[in-house]
Structure formats: structure tokens, C-alpha cells
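Read the structure below first, then the notes.
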Amino acid sequence: MTPPATRSGTGAPAELFFEDLVPGLTVDLGTVTVDGDEMLAFARRFDPQWYHLDPQLAEASRHGGVIASGFYTVSLFMRAYVDHLLSRAAADASPGLEELRWLAPVRAGDRLAVRVDVMGARPSAARPGLGTVILTGTMLRLGPDNRPEQEVLRTRFRGWFALRPVETNPDAAPTEGDSQAEGGPPEAGPAETSSSESGPAGTGPSESDPAESGPPGAGAQPTPPEAAVPEAEQRA
């Protein structure tokens, strides 16, 4: 039986899982072009510093013109990451960033090549069914010949991704071990070894001890009257 479809980061059925994101893998996230109007609108709303908004002041400064807010650049990276990876992958949340660096100014009209590299991956001990993937994201400015000119952003972060679901066959007959694991009683029968031989020291009687697993009288024999301990010795 196939488990219910695992959703990608955008809600579509996932096609990539934790097991697919192996260290050394590079995923091309495409190329984005910086829209000048959008860049300014972002700065007015979220980062209204003069070198992001004022052309005259920015032109007269060491920046040589208006530059994008670094958080706008990160937003461009995030959109490319969603469009080209998370939309296909069984993505959960992210526990956070470890590094975020703005390495060069970004300006209106820049064309930025985006990619992520898988640096490490391990199953999550805190969240069963998920794996933690360590990724490095980069953005590089492209020249007129489409060759990378300069790295403008680098970030290292972690993401949680679901493990690939395991298909089960409901028609398969359960084995003896399966039935006992699901709570079925063990087969009745005399114990072949005593509890002192089959169980570790200090753990008490083994599961095959008739006194524990069998009904009263099934394995233990009543004490004959002549072997009974006198009442006086019992009190002693």
C-alpha cells in the first residue's frame, strides 16, 4: 500500500526526499534579474536607508549609486530556492541560518546566477521521519557574456526534509515475529531451559518460564504433601 502523498514546500506531491539530497549535490536555481522598481519598493517598506533610496546621495557616496538592501537580495535567493527546489522536495521547516554574507553591492538590472550545494545530511534525532540537510547558497553576478563576474551573496543554513515513505503490502501474511510484535500470544509449550540459563542475571524469570507465561497448573507441579515445610519451620 502506498502511503499518502508527501507534500512539497508549495503543496504539490513531493518528488525529492531527504535521501536524494546527498553531500556534494549542486542544484541550479536559475538566474534572476534585479527589478529596479521592486528593489526600491522593498527598501521603502523594509529598509529605508538613504543608499537604498536616494539617487543623489548614493551617487555622491562611495557606493556610486543606489544599491539593493541586503535583505532584498536574500529574498531573491529565497524565491529561487522555492521555485527550483522546495517546490519539488518534501520540505519541512528550517531551524535557521549559520552564515549570511553580502559580498558585493547589488544594483538594478544585475543578473544573478543562483545555486545551492549540499554540504551535509543526517537523519534528525529530535524529529523522527525527517532529516537535517546543511546547504550553502550562493548568488553570482553575471557579465554580458553570461560568465560569473563576482559573488554577491553567500549563506549557509539547515533545512528539514521528510524521509522517503516506505510502501507496505497489506496482502502479505504476517510472520510469527510480526504477530508477537503486534501483541499476539506466544505459542504454548514446555520451557526447554530454566530461567537461570536463558535470562540475564538480575532480570527475573524469562518469557518462557511456565510460571509467567502459562496458565495456573500448566507447567508447575503441585508440591507433594510429604515435601511440605512444617508450620514451625515456616515461622522460623
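The values are calculated or read from the model by the stated rules, or taken from the named source; none is laboratory data. Everything numeric here is computed off the predicted structure, so don't read it as measured data. Counting neighbours? That spans all protein chains shown, and the Cβs are built from the backbone with ideal geometry, glycine included. Surface accessibility is based on the protein's heavy atoms, side chains included, excluding ligands, DNA and RNA. Shrake-Rupley method; radii C 1.70, N 1.55, O 1.52, S 1.80 Å.
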Rounded if a/c under 1.5, otherwise prolate or oblate - the range 91-144, Cα gyration tensor axes: prolate
Within the range 1-68, which GluC sites (Glu not before Pro) sit in a loop by DSSP and count at most 16 neighbouring Cβ atoms inside 10 Å? E15
Find the accessible area per residue for the range 54-149; the probe is 1.4 Å, ligands and nucleic acids are left out, and the unit is Å². 52 Å²
So, in nm, how far is label W50 from label R154 when the simple model puts each one 7 Å beyond its Cα toward the Cβ? 3.2 nm
